[in-house]
Every structure is written in C-alpha cells, then in structure tokens.
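The values are calculated or read from the model by the stated rules, or taken from the named source; none is laboratory data. This is a predicted model, so every value here is computed, not measured. Cβ coordinates were reconstructed from backbone atoms using ideal geometry, including for glycine residues, and neighbour counts include every protein chain displayed. Just the protein is used for accessible areas: all its heavy atoms, side chains included, with ligands, DNA and RNA removed. Shrake-Rupley method; radii C 1.70, N 1.55, O 1.52, S 1.80 Å.
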Amino acid sequence: MCSSDLDPVDDSTMIMAYAQWISVKDRPEEGEYYLDLIKFKPENLKVIDHYRVTEPMVSDAISLDSIELDTANYKVTESNRALGLRLNYSGHSQPNPFSMQLLNLYDLKNKKQILDSLIVTRDRAETDMDCNADAEERTSTLVMQKNQTKKYTDILVNSKIKRYQMQIVAEECQEVNHQFNQQRFTLKFDGNQYQIPQSYKDEYQY
C-alpha cells in the first residue's frame, strides 16, 4: 500500500510512503509491514532521499487497511517540518465493530520517527448485531504551540468525544442518549520522541 503527495517544503519534488508486506518464510499469511519514505523528482523519478523505517508497522487482529500522507504544517523547530503519516485500522468483530486512525510523525532530515502511534480517531461499539448498541466516536486535532520542550515545539491534542446508544424508536433504528465531552493534553518532546502523558497513554497510544 502506498500514498504520495507534493513535498510541502519543495513543490518540485514528491514524497511517497510505501508500506511493504514482508511475510514469514513458508507462512505467507504471517508477517509485518515495513515503511519506506521516498523523496523523488516526478519528471525523471530520480530519488532525492530515502528513509527506511526499521520498526515494523503493527497489523494483527486489528488490521492495517490503508495509509495516507499528512503534509500539515508540523513545524517542530524553526528549521524543520515533520512529515505526518496516518494509518487506518479496522477490527473484524461484528458484535464489537472498531476502527481507528493513528498518526506518526517523521523527522526526514534526521531520519527518525518522533511521534509513535497516536490514536487521532477512534470509533467503537458494543452491539447485538441488530440495532441495540452502545457507541463512542472520538476525533482529535493537533495544534502546534508557542512553547518548546528540549527545543521542539509542544503540540496540543484537542479531542471531541461523542457517546450514544442505538435503539428502536418508532420502528426505526435511531441514535439516542447523546453525551459530548472534550479532552486536552500536550505532547512534549523528550529528546528522542514526543511523549503522550502517562494518564492518557492507554487511551491514545496503540
């Protein structure tokens, strides 16, 4: 699977994210995805830069369905803009439908990952596979801050959470009992990666 876009820093080059499935020998159904980030000139396909991420991308009971580059302005230092990659996952349990999107950030200048598996959207439910269900939807946005930690810009995570139930109302399956909440926390750089605060890690890091 792959995704490509114009380089937001230099529109004469393209960036491609390519996730390759490498299977276990003699067991093609078992394996892991490995990610390559490639900068190239579109007119002649000349490779300008190539970063192979050494850590595999998780894909197990919750399967990796697709990836997409995120070229928002993640300006982590005055002279460096990180590249985002969003990973789309889904579960396969009918009584417990589940999907989520993760965000990774990569420092292409120094060839390192600086944010690992932040859950930016998550939809989950418990259902009787007919209509009745308890459901939750969570969507997060990232906002670059003025403050810095260890010379890297702090990042505010702002999440909106919607909880509701599905029930038969007037012979139709409808959403009822809505609840809306917000959560906020800040990602700070520890010298190696951005860290999710300990009290939020279980809910926000995959």
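The condition of being out of contact with any His (no Cβ under 8 Å at 6 or more places or on another chain), more than 30 Å from residue 191 (Cβ to Cβ) and not acidic (Asp, Glu) holds for only one of 16, 1, that being 1. Restricting to segment 112-148, name every residue that is more than 23 Å from residue 102 (Cα to Cα) and either of a type in the set (Ser, Thr, Tyr) or outside any strand (DSSP E or B) (or both). Selection gives 127, 128, 129, 130, 131, 132.
Could you please let me know if residue 195 is within 18 Å of residue 102 (Cα to Cα) and touching a residue at least 40 places away in the same chain (Cβ under 8 Å)? Spelling it out, it is not the case that residue 195 is within 18 Å of residue 102 (Cα to Cα) and touching a residue at least 40 places away in the same chain (Cβ under 8 Å). Filtered by the rule that a residue be in contact (Cβ under 8 Å) with a residue 12 or more places away in the chain and either in contact with an Asp or Glu (Cβ under 7 Å, 6 or more places away or on another chain) or over 19 Å from residue 105 (Cα atoms) (or both), segment 155-174 gives 160, 161, 162, 163, 164, 165, 166, 167, 168, 173.
Go through segment 151-165 residue by residue and tally those that are open to solvent by 40 Å² or more (accessible area, probe 1.4 Å) and out of contact with any Lys or Arg (no Cβ under 8 Å at 6 or more places or on another chain).
3
Scanning segment 135-150 for residues that are of a type outside the set (Ser, Thr, Tyr) and either open to solvent by 30 Å² or more (accessible area, probe 1.4 Å) or under 16 Å from residue 115 (Cβ atoms) (or both) returns 137, 142, 143, 144, 145, 146, 147, 148, 150. Condition first: at positive phi and either at pLDDT below 95 or among the hydrophobic types (A, V, I, L, M, F, W, C) (or both). Can you find one or more residues in segment 161-170 that meet it? Yes, some residue in segment 161-170 is at positive phi and either at pLDDT below 95 or among the hydrophobic types (A, V, I, L, M, F, W, C) (or both). Under 6 Å between Cβ atoms, which residue pairs at least 6 apart in sequence (or on different chains) link something in segment 73-85 that is at positive phi with a partner that is among the hydrophobic types (A, V, I, L, M, F, W, C) and open to solvent by 90 Å² or more (accessible area, probe 1.4 Å)? Short answer, once both residue conditions are applied: none.
Report, by residue number, each residue of segment 155-180 that is in contact with a His (Cβ under 9 Å, 6 or more places away or on another chain) and part of a loop (DSSP other than H, G, I, E, B). Scanning segment 155-180 gives no hits.
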